[in-house]
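The values are calculated or read from the model by the stated rules, or taken from the named source; none is laboratory data. Given the structure is predicted, the values throughout are model-derived calculations rather than measurements. Glycine gets a Cβ as well: all are built from the backbone with ideal geometry, and neighbour counts include every protein chain shown.
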Amino acid sequence: MNKIDKKSKVIWNLESIQTFLMFFAGIGVIYFFFGDIKWVWKLLLIGLLYILYNLITDLISHHFAYKNSEYQLSDEILFIKNGGLIQYENTIPLNRIQHSDIEQSFYSRIFDLYALNIYTAGDSHTIEYIKKDVADDLKDKIIKIITKVTDEHEKE
Amino acid sequence: MSMKKSRDHIIELLYHLYDNIKNFIIPITTFAISLFSANSKFKPYIAGAFILLGIILAIRSFLTWYNKTYAIKDKMIEYSDGVFRKKRTDIPIHNIRSINTTDSLFKRIIGISNLNIELIGGDEIFFVISNKKIKKLKENIFIGSEYQKNKYNKSKFSFIEYLLITTTSFRLFLTSLSLVLTAFSFLLTHFGVQLGLETQKEKIHAENDTRGMVEKILTTDWTDASFYISIGIVFAIMIVASYFVAYILVYVTYRNFNIQYTEKEIEVMYGFISKKHFHIPRSNIRSIRIVEPFLYRIFGYARIKADNIGLNDNASASLFIMPIVKKDEIDSIINKYTPDFKNEKVMFFPSIRVLPIFIFKHVIWIIVTLIGLSFISNYVLWGFLLLPIWMISGYMKWKHSGLSFTSEFITSSFSSGLTKITLITKKKYIESTGVIQTFIQKHSRTADYEYALYSERLIEVYDCLSISVNHKKEFLKYLQKQENE
């Protein structure tokens, strides 16, 4: 089983903090203009508690998510395990993969890490975050198999 | 078969105009009149805008019709459309996944139909051509001479069966409601006094009322209890009348339900005012759904549907193998029309131990939300009276959750509202399998099993909740086995 990069945890945490700050700022703006109205500030307080709850559960979840996240590529199957408080395990036959791409978010760029997205005809999966050479290697292997399957279909 | 470049039948131009009147002119005009009142000082402007809009839409309809052309060659359909942004598509005939035709009463009289062609990748094109041409085209595309061999198997339904279909035909109910509202509005306007719905004085007052919609809302006395009682009575009458009309529409729609099958395909045909005609290659049927709405279940009935690769959601919603069938006949219907499938029973169910978890998951967010909102107003706490609805919903999820997987199919059952759905999918159309486990489920040694299906949609995933964790390894290796088989 292969592990993802340890810095993934930091990236996820930064993404969650950014989301929290954006909503916090939104709540602040609404409070500035409409804070005098009693029901508005009560609603904002509920909103604040909600985003705070989300932030805390996210931060705890990311800790476990790193521990749980692993993947394995065999000749036929890609196995992905991820999730923090809720764990996800998925098996994707390589011949079912339609396409894959490599993505870099704002924070993953800071750490030079990448996310590999895999698409089948019915869902999509992500391995985040891994080093570029690992992502390229995985993607190349997947593309090779997809090409082989397509060629076989065309011959038929 | 080859065919010169053609346009839709000229009648389609009238339909374009009708669609534009129905979708744009009537809603906009009705809204403007209700907003400003029919007797307001803006009446000339509304009339002017109405005429201008009509002219623009008439030109638009003509150009849309004129620019849509198609030509059918031996192995290719050349299709182009668009007024300002033209698009030409060449479709290899072997890429066609299914064909279905629809028509209206008027089109049927003059012998034309809409021919909808579904393509690999989910695109759809349609032409309006003569029924003779459609027949030739169908025979050329994927139906051999054997197509003629089987006779239609006409299904006749009983009174109770039509009544049950009516309870689930939401679209027909909306059509009926619209008809009832129109009739009610007509009666009220012209015969309100004679029928005792209003007094002469009220009628004159209403005719001279120049207030707009907003003004009327603002001046209504919302604290008057008799106002709500009147509204409630009118509402109840409307619903009963709409169901009665819907029953007639359902009868007319399904009385000629026909299904025909050959080795390669099934053909489904029904409808009267708007006729539906599906040609589905059997090899393209991805899954079979046995749908049991609450009332169907009580009377021992179900509905059988087919999920066809390449059929859009709208068409898919109208495609039935059987709109209603007794439960004990399900196996024989599936064997007869879709013998590639088996009605395999679900074998793994959530245990009674996890029932509290199901109910808890359904009510926790409602409780939190109500408590949170009660901080703003205490009236919100009355919402707790509705809590049993969510508890029942959680119970239904538990009751109908189930799964089984064999070398040929994955069968899962789940509930959507009060409806139980059993989905039987061919293994070759399963894209991935997965298992989800929450912190609580780890302790109860259960997990949610999910699988993705080959679909026209970006994501189509089904899950079976809180099944024993014992089948986890086998389920995750389910598709791996296939590779080795």
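Here are a few things to note about the model shown:
- Within the range B:70-92, residues that are surrounded by 12 or more Cβ atoms within 10 Å (Cβ to Cβ) have Cβ atoms under 6 Å from residues that are of a type in the set (Ser, Thr, Tyr) and in a loop (DSSP other than H, G, I, E, B) in these pairs: B:LYS73/B:SER2, counting only partners at least 6 apart in sequence or on another chain.
- Qualifying residues in the range B:310-330 (those that are among the small types (Gly, Ala, Ser) and surrounded by 14 or more Cβ atoms within 10 Å (Cβ to Cβ)) - the one farthest from B:PRO293 (Cα to Cα): B:GLY310
- Against the numbered list (1) in contact with a Lys or Arg (Cβ under 8 Å, 6 or more places away or on another chain); (2) within 14 Å of chain A (Cβ to nearest Cβ); (3) surrounded by 15 or more Cβ atoms within 10 Å (Cβ to Cβ), B:SER374 comes up short only at (1).
- Scan of the range A:19-38 for residues that are assigned to a helix (DSSP H, G or I) and surrounded by fewer than 12 Cβ atoms within 10 Å (Cβ to Cβ), ordered by number: A:MET22, A:ALA25, A:VAL29, A:PHE32, A:PHE33, A:LYS38
- Restricted to strands (runs of 3 or more DSSP E) entirely inside the range B:1-99, those with at least 3 residues that are at pLDDT below 80, more than 30 Å from B:ILE217 (Cβ to Cβ) and out of contact with any Asp or Glu (no Cβ under 7 Å at 6 or more places or on another chain) are B:87-92.
- Where a residue in the range A:89-101 is at positive phi and its partner, wherever it lies, is surrounded by 21 or more Cβ atoms within 10 Å (Cβ to Cβ) and small (Gly, Ala, Ser), with Cβ under 8 Å and at least six apart: none
- Among the residues of the range B:377-410, the ones that are surrounded by 14 or more Cβ atoms within 10 Å (Cβ to Cβ) and within 14 Å of chain A (Cβ to nearest Cβ) come to 3 in all.
- For the range B:179-235, filtered to residues that are of a type in the set (Phe, Trp, Tyr) and farther than 29 Å from B:ILE248 by Cα, the residue that is modelled with the lowest pLDDT is B:TRP222.
- Meets criteria (over 23 Å from B:TYR478 (Cβ atoms) and among the β-branched types (Val, Ile, Thr)) for A:ILE110: yes
- Filter pass, B:MET322 being at pLDDT 90 or above, within 21 Å of B:THR101 (Cβ to Cβ) and among the hydrophobic types (A, V, I, L, M, F, W, C): yes
- Subset of the range B:397-420 [aliphatic (A, V, I, L, M) and touching a strand residue (DSSP E or B) at 6+ places or on another chain (Cβ under 8 Å)]: B:LEU403, B:ILE410
- Residue in the range A:44-60 that is polar (S, T, N, Q), outside the structural domain of A:LYS131 (by TED's automatic domain parsing) and surrounded by fewer than 16 Cβ atoms within 10 Å (Cβ to Cβ) present: yes
- Residues of the range B:182-233 classified as of a type in the set (Val, Ile, Thr) and in contact (Cβ under 8 Å) with a residue 12 or more places away in the chain, total: 2
- Answer residue from the range B:276-296, given it is hydrophobic (A, V, I, L, M, F, W, C) and under 27 Å from B:LEU105 (Cα atoms) and is modelled with the highest pLDDT among those: B:PHE278
- The condition (being of a type in the set (Val, Ile, Thr) and farther than 23 Å from B:TYR454 by Cβ) is satisfied by just one residue among A:ILE143, A:ILE110, A:ILE118: A:ILE110.
- For the range B:252-288, the set of residues classified as in contact with a Pro (Cβ under 7 Å, 6 or more places away or on another chain) and not in a strand (DSSP E or B) consists of B:TYR254, B:PHE257, B:LYS264, listed by residue number.
- Within the range B:438-467, the set of residues being surrounded by fewer than 21 Cβ atoms within 10 Å (Cβ to Cβ), under 34 Å from the mean Cα position of the chain (by Cα) and farther than 30 Å from B:ALA315 by Cα comprises B:THR438, B:ASP448.
- Tallying residues that are facing another protein chain (nearest Cβ under 9 Å) and among the charged types (D, E, K, R) within the range A:71-104 yields 4.
- For the range B:158-190, filtering for residues that are out of contact with any helix residue (DSSP H, G or I) (no Cβ under 7 Å at 6 or more places or on another chain) and crowded, with 19+ Cβ neighbours inside 10 Å leaves 1.
- Counted as qualifying within the range B:412-485 are the helices (runs of 4 or more DSSP H) with 3 or more residues that are under 21 Å from A:ASN82 (Cα atoms) and at the interface with chain A (Cβ under 8 Å from one of its Cβ atoms), namely B:478-484.
- Residues within the range A:105-126 that are assigned to a strand (DSSP E or B), under 12 Å from the mean Cα position of the chain (by Cα), more than 14 Å from chain B (Cβ to nearest Cβ) and crowded, with 21+ Cβ neighbours inside 10 Å, tallied: 2
- Listed by first and then second residue, the pairs with beta-carbon distance under 6 Å, at least 6 apart or on different chains, first residue in the range A:53-79 and of a type in the set (Ser, Thr, Tyr), second surrounded by fewer than 18 Cβ atoms within 10 Å (Cβ to Cβ), are A:SER61/A:LEU85; A:TYR71/A:ASN2.
- Filter result for the condition that a residue is under 33 Å from the mean Cα position of the chain (by Cα) and either within 30 Å of B:TYR296 (Cα to Cα) or not assigned by TED's automatic domain parsing to the domain that holds B:GLY300 (or both), over B:THR167, B:THR189: B:THR167
- Being of a type in the set (A, V, I, L, M, F, W, C), under 18 Å from the mean Cα position of the chain (by Cα) and assigned to a loop (DSSP other than H, G, I, E, B) holds for only one residue in B:LEU311, B:LEU249, and it is B:LEU311.
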